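Asker: The structure's right below; bear with me while I get my questions together.
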């Protein structure tokens, strides 16, 4: 099974489970306005009992989406991949998940962390 995280839509968090041949077998969506990092962790915790034998993680790394939402998704994906010693692959907003799943099937362990891509810099204090 492969876990797919997307926090970039702006108003919802999406989690998907794919099998080894790329078929979607489960999904969860939760509406958000802010605090996506807190909601994402709870969502993943509740989703994991159905997510047995995760062999890799795909995460949308940007560039579309809020800075904090992109960062939350990428950090969560990297953290889980490191903890489970599974590969993690980042895709850009709108990119097809199937090619990332195929690439994940060729990697066995955690190697490189995914780096986020932002459309613009953080808007801190402005």
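Asker: Which of (1) over 13 Å from residue 3 (Cα atoms); (2) in contact with a strand residue (DSSP E or B) (Cβ under 9 Å, 6 or more places away or on another chain) is the odd one out, the single condition residue 84 does not satisfy?
Answerer: (1)
Asker: Residues being assigned to a helix (DSSP H, G or I), out of contact with any strand residue (DSSP E or B) (no Cβ under 6 Å at 6 or more places or on another chain) and free of Cβ contacts under 8 Å to residues at least 60 places away in the same chain: count how many of those fall in the stretch 102-124.
Answerer: Initially, the stretch 102-124 is screened for residues assigned to a helix (DSSP H, G or I), giving 102-105.
Going one step further and asking which of them are out of contact with any strand residue (DSSP E or B) (no Cβ under 6 Å at 6 or more places or on another chain), we end up with 102, 105.
Next, from what is left, pick out any that are free of Cβ contacts under 8 Å to residues at least 60 places away in the same chain: none.
Within the stretch 102-124, residues that are assigned to a helix (DSSP H, G or I), out of contact with any strand residue (DSSP E or B) (no Cβ under 6 Å at 6 or more places or on another chain) and free of Cβ contacts under 8 Å to residues at least 60 places away in the same chain number 0.
Asker: Right, another one. Go through the stretch 87-108 and give me each residue that's touching a helix residue (DSSP H, G or I) at 6+ places or on another chain (Cβ under 9 Å) and over 18 Å from residue 7 (Cβ atoms).
Answerer: The answer is 87, and nothing else.
Asker: Tally time: how many residues in the stretch 102-121 are loosely packed, with under 11 Cβ neighbours inside 10 Å, under 19 Å from residue 72 (Cα atoms) and modelled with pLDDT under 90?
Answerer: 2
Asker: Please determine, by comparing only the residues of the stretch 54-63 that are under 17 Å from residue 13 (Cβ atoms) and assigned to a loop (DSSP other than H, G, I, E, B), which one is modelled with the highest pLDDT. Spell out the reasoning first.
Answerer: Residues of the stretch 54-63 under 17 Å from residue 13 (Cβ atoms): 57-62.
From what's left, assigned to a loop (DSSP other than H, G, I, E, B): 61-62.
Values: 61: 95, 62: 90.
Checking each candidate, the answer is 61.
Asker: Mind listing just one residue for me: the one in the stretch 64-101 that is in a loop (DSSP other than H, G, I, E, B) and at pLDDT below 90 and, of those, surrounded by the most Cβ atoms within 10 Å (Cβ to Cβ)? Lay out the reasoning, then the answer.
Answerer: First pass over the stretch 64-101, keeping only residues in a loop (DSSP other than H, G, I, E, B): 64-66, 85-87, 92-96.
Those still in the list that are at pLDDT below 90 too: 64-66, 93-96.
Working: 64: 16, 65: 24, 66: 20, 93: 16, 94: 9, 95: 13, 96: 8.
My answer is 65.
Asker: Could you look through the stretch 1-13, keep only residues that are over 19 Å from residue 87 (Cβ atoms), in a loop (DSSP other than H, G, I, E, B) and in contact (Cβ under 8 Å) with a residue 24 or more places away in the chain, and pick out the one that is nearest to the chain's Cα centre (by Cα)?
Answerer: 7
Asker: Give the stretch 14-46 a look and list any residue that's farther than 19 Å from residue 100 by Cα and under 13 Å from the mean Cα position of the chain (by Cα), or say none.
Answerer: Residues satisfying the conditions are 28, 29, 36, 37, 40, 41, 43, 44.
The values are calculated or read from the model by the stated rules, or taken from the named source; none is laboratory data. Because the structure is predicted, anything quoted here is derived from the model rather than measured. Backbone-built Cβ (ideal geometry, glycine too); neighbour counts: all protein chains shown.
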